[in-house]
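The values are calculated or read from the model by the stated rules, or taken from the named source; none is laboratory data. Just so it is clear, the structure is predicted and the values come from calculations on it, not from any experiment. Ideal geometry is used to build each Cβ from the backbone, glycine not excepted, and the neighbour counts take in all protein chains shown. These area figures cover heavy atoms from the full protein model, side chains too; ligands, DNA and RNA do not enter into them. Shrake-Rupley method; radii C 1.70, N 1.55, O 1.52, S 1.80 Å.
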Amino acid sequence: MMIKKCLFPAAGYGTRFLPATKAMPKEVMPIVDKPLIQYGVEEALDAGMYDIAMVTGRGKRALEDHFDVSYELEHQISGTDKEARLSSIRRLMEECTFSYTRQKEMLGLGHAILTGEPLIGREPFGVILADDLCDGEGDGVMSQLARVYAKYRCSVVAIEEVPEDEVSKYGVIAGSSIEDGLYMISDMVEKPAPEDAPSNLAIIGRYILTPDIFDILRETPPGKGGEIQITDALLLQARRNMVLAYKFKGTRFDCGSMEGFVAATNHYYQRSRSAEPA
Ligand code: G1P
């Protein structure tokens with residue numbers, strides 16, 4: 001069974017980028033010529049997930065507008081060579097459906113995912129945190145996770161090794177290796193101090209979740225930072241059933257940080273230059 005739906009939690013304030021994000025959602029900040037969120041939607045569609053569900057919040061209307069027709073603009077540039085610049089977004093508008101719901105209070109990533117339940121229903125779904133921009137070089141990270149899901153039919157998270165002094169920025173897993181790069185999770189801790197981290201395998205913003213996660217999230221008490229954490233819910237799911245962690249192939253940029261944002265910009269700028277005819 002193919003997974004059709006992908007959820008994008010996109011309600012956060014983006015305070016690390018103030019004042020840029022005062023009147024503009026962080027998800028529409030551009031990496032070269034595309035907003036961050038568009039890279040995520042492209043990755044979802046490449047994995048066959050065409051039903052795009054977004055959890056937004058106040059002040060996020062630019063997100064919806066980006067995936068909708070802009071009549072005046074389209075009329076203005078129709079028939080000119082500028083029209084080609086719209087081809088990537090037009091493809092998404094043609095091939096995807098978009099639905100939105102608003103998270104009224106910021107109570108954590110787990111709460112944001114639970115807020116998306118009415119858009120998802122009772123089927124497995126992908127989750128993409130657009131801040132984590134991933135270049136899978138032709139094989140998107142969500143496509144990689146979908147292949148793991150197709151084989152094992154349980155929740156899967158993408159992981160990467162991080163330096164020990166950075167574990168406190170992530171959810172961190174412990175597990176036993178069942179295949180090359182694939183672990184069965186036995187423990188997970190949200191943003192541990194380095195001395196408490198069970199490993200240096202950090203969860204990055206790509207998940208495939210089975211729908212029982214919603215029932216678990218409803219029971220999950222606030223954890224780290226007083227927020228409802230998807231990491232805590234996944235640990236419960238791992239104990240009741242099975243959750244896998246997959247060391248993805250590709251490069252991730254943490255576009256929630258200034259350094260990662262600039263690195264991603266340079267990476268995709270070089271890419272666009274080398275794609276241009278000489
Ligand atoms: C969230 C998750 C964390 C994960 C991270 C990946 O944290 O809570 O487990 O490792 O995304 O980017 P955030 O970065 O939203 O604080």
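Which condition breaks for residue 129 when tested against (1) at pLDDT 95 or above; (2) aliphatic (A, V, I, L, M); (3) more than 20 Å from residue 208 (Cβ to Cβ); (4) within 16 Å of the ligand (Cβ to nearest atom)? Here residue 129 meets the rest and fails (3).
Taken across region 11-22, residues that are within 16 Å of the ligand (Cβ to nearest atom), touching a residue at least 60 places away in the same chain (Cβ under 8 Å) and of a type in the set (A, V, I, L, M) do occur, with at least one present.
Across region 97-104, a minimum of one residue is classified as touching a helix residue (DSSP H, G or I) at 6+ places or on another chain (Cβ under 8 Å), among the aromatic types (Phe, Trp, Tyr) and open to solvent by 20 Å² or more (accessible area, probe 1.4 Å).
On the given criteria, is residue 85 assigned to a helix (DSSP H, G or I), under 30 Å from residue 228 (Cα atoms) and at pLDDT below 95? Reasoning before the result, please.
Numbers: assigned to a helix (DSSP H, G or I): yes; under 30 Å from residue 228 (Cα atoms): no; at pLDDT below 95: yes.
No, not satisfied.
Would you be able to say whether some residue in region 178-189 is within 10 Å of the ligand (Cβ to nearest atom), touching a strand residue (DSSP E or B) at 6+ places or on another chain (Cβ under 7 Å), open to solvent by 10 Å² or more (accessible area, probe 1.4 Å) and of a type outside the set (A, V, I, L, M)? No: zero hits. Counting residues in region 147-162 that are at pLDDT 95 or above, assigned to a helix (DSSP H, G or I), open to solvent by less than 40 Å² (accessible area, probe 1.4 Å) and within 20 Å of residue 26 (Cα to Cα) gives zero.
Taking (1) within 14 Å of residue 161 (Cα to Cα); (2) β-branched (Val, Ile, Thr); (3) open to solvent by 10 Å² or more (accessible area, probe 1.4 Å) in turn, residue 228 satisfies each apart from (1).
For the condition without any contact (Cβ under 8 Å) to a residue 12 or more places away in the chain and charged (D, E, K, R), what is the one hit in 254, 215? Explain how you work it out, then say what you get.
Numbers: 254 fails: without any contact (Cβ under 8 Å) to a residue 12 or more places away in the chain.
Only one candidate passes the filter, namely 215.
Of everything listed in (1) at pLDDT 95 or above; (2) touching a Lys or Arg at 6+ places or on another chain (Cβ under 9 Å); (3) farther than 22 Å from residue 203 by Cα; (4) not β-branched (Val, Ile, Thr), the single unmet condition for residue 95 is (2). Among the residues of region 96-113, just one is touching a Leu at 6+ places or on another chain (Cβ under 6 Å) and part of a helix (DSSP H, G or I), namely 110. Filtered by the rule that a residue be open to solvent by 30 Å² or more (accessible area, probe 1.4 Å) and closer than 10 Å to residue 110 by Cα, region 193-220 gives a lone residue, 218.
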